[in-house]
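Notes follow once the structure below has been shown.
The values are calculated or read from the model by the stated rules, or taken from the named source; none is laboratory data. Since we're looking at a predicted model, the values are computed, not measured. Positions of Cβ are generated from backbone atoms using ideal geometry, with glycine treated the same way; all protein chains shown enter the neighbour counts.
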Amino acid sequence: MRKEYGQNFLINEKIASKIIRLSNIKNNNIIEIGPGNLALTKLIKEQKPKKFVAVEIDKSLQKNYSKIDLNNIIFNNALTFNEKKYFNNENFSIISNLPFNISSQLLTKWIYTQNKYHCIDQMTLMFQKELADRIISDFNSKKYGRITILSKAFFNIEYGLTVLKKNFKPEPKVDASVLIFKKIKNHKIESKNLKKLEQITLFFFNERRKINKKKFEKFLSKNNLIKFEKYFSLRPENLKEDVYYELTKLV
């Protein structure tokens, strides 16, 4: 186990079973990121997925795996691994106790994948609780922000369960939460506008305590500004996701 990979292995079998029950595995293509101590891996295989692969970056763990385990494990970097190509362009689902240090990067990667290919059916993902709370937050909350808006453009997101830090080894400094991301048929933005959405939300939330008037003025023509006047005195966190999605069509 190498510290730089942000590994915190789940050691509670009951919680591992709960996570698996939140996932739709049988006869589906499944990818697990960071199998670690195989707490989830063994349970996934028991559910008989159509095709299953686990991606692990830490080659030092190889000595802990049997030959049977290694049949399903690829030693690779999840940030660059091409899931769509591995599953021959078929849809797939993702299950992971995410490495905390790259969890937001991985989520962003999969948002871009979903935006382009519509190929992810479901994701059952464990995050640091603070990040999970931000992802599922609603507008008018201080936790609401860019990652909320980007995620909800492509997925319906449900809270699964909280996992206390004592259930990991080594024990992290914070608790974790499991979220379930389910694909939505019609994305909230056009595929070509995802980069715009990133830029808009970055600009708005970079100074989240300032009111919105000047922010709208930066992006919109005078004709389009009229439509958004009612939001001028509010702050970025007070705008529903749909307002940001609408902006991508006008910028």
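What the table shows:
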item	result
Count - residues of the stretch 128-161 that are of a type outside the set (A, V, I, L, M), touching an Asp or Glu at 6+ places or on another chain (Cβ under 6 Å) and either under 26 Å from LYS84 (Cβ atoms) or part of a strand (DSSP E or B) (or both)	1
Condition check for PHE52: closer than 21 Å to TYR117 by Cα and part of a loop (DSSP other than H, G, I, E, B)	no
Cβ pairs under 6 Å, 6+ apart, first in the stretch 71-96 and more than 19 Å from PHE127 (Cβ to Cβ), second among the hydroxyl-bearing types (Ser, Thr, Tyr)	LYS84/TYR117
Conditions (1) more than 19 Å from the chain's Cα centre (by Cα); (2) within 30 Å of ASN24 (Cα to Cα); number of the one not met by ILE184	(1)
Wholly enclosed helices (runs of 4 or more DSSP H) of the stretch 55-127 bearing at least 3 residues surrounded by fewer than 17 Cβ atoms within 10 Å (Cβ to Cβ)	67-70, 103-117
Qualifying residues in the stretch 40-64 (those that are modelled with pLDDT of 95 or more and among the hydrophobic types (A, V, I, L, M, F, W, C)) - the one nearest to ILE19 (Cα to Cα)	LEU40
Qualifying residues in the stretch 192-234 (those that are of a type in the set (Ser, Thr, Tyr) and in a loop (DSSP other than H, G, I, E, B)) - the one farthest from LYS109 (Cα to Cα)	SER233
Any pair with Cβ under 6 angstrom, 6 or more apart, that starts in the stretch 137-158 at a residue that is assigned by TED's automatic domain parsing to the domain that holds ILE200 and ends at one that is assigned to a loop (DSSP other than H, G, I, E, B) and among the aliphatic types (A, V, I, L, M)	none
Neighbours by Cβ (under 7 Å, 6+ apart or cross-chain): first from the stretch 1-21, closer than 13 Å to VAL163 by Cβ; second part of a helix (DSSP H, G or I) and modelled with pLDDT of 90 or more	ASN8/PHE100; LEU10/ALA16; LEU10/ASN167; ILE11/ASN167; ASN12/ASN167; ILE15/ASN167; ALA16/LEU43; SER17/LEU43
Matching residues in the stretch 137-156 - criterion: being surrounded by fewer than 19 Cβ atoms within 10 Å (Cβ to Cβ) and in contact with a Leu (Cβ under 8 Å, 6 or more places away or on another chain)	PHE139
Cross-chain or 6+ apart pairs with Cβ under 8 Å, the stretch 239-251 first and under 22 Å from SER141 (Cβ atoms), then of a type in the set (Gly, Ala, Ser)	GLU241/ALA153; TYR245/ALA153
Whichever residue in the stretch 190-215 is farther than 22 Å from SER137 by Cβ and over 21 Å from the mean Cα position of the chain (by Cα) and, among such residues, is surrounded by the fewest Cβ atoms within 10 Å (Cβ to Cβ)	LYS214
Selection count, the stretch 118-152, where residues are of a type outside the set (A, V, I, L, M, F, W, C) and under 23 Å from LYS26 (Cβ atoms)	4
Index of the failed condition, PHE203 passing every other in (1) closer than 30 Å to LYS129 by Cβ; (2) modelled with pLDDT under 95; (3) aromatic (Phe, Trp, Tyr)	(2)
Residue count, the stretch 42-54 (criterion: buried (at least 23 other Cβ atoms within 10 Å of the Cβ) and closer than 19 Å to GLY160 by Cα)	1
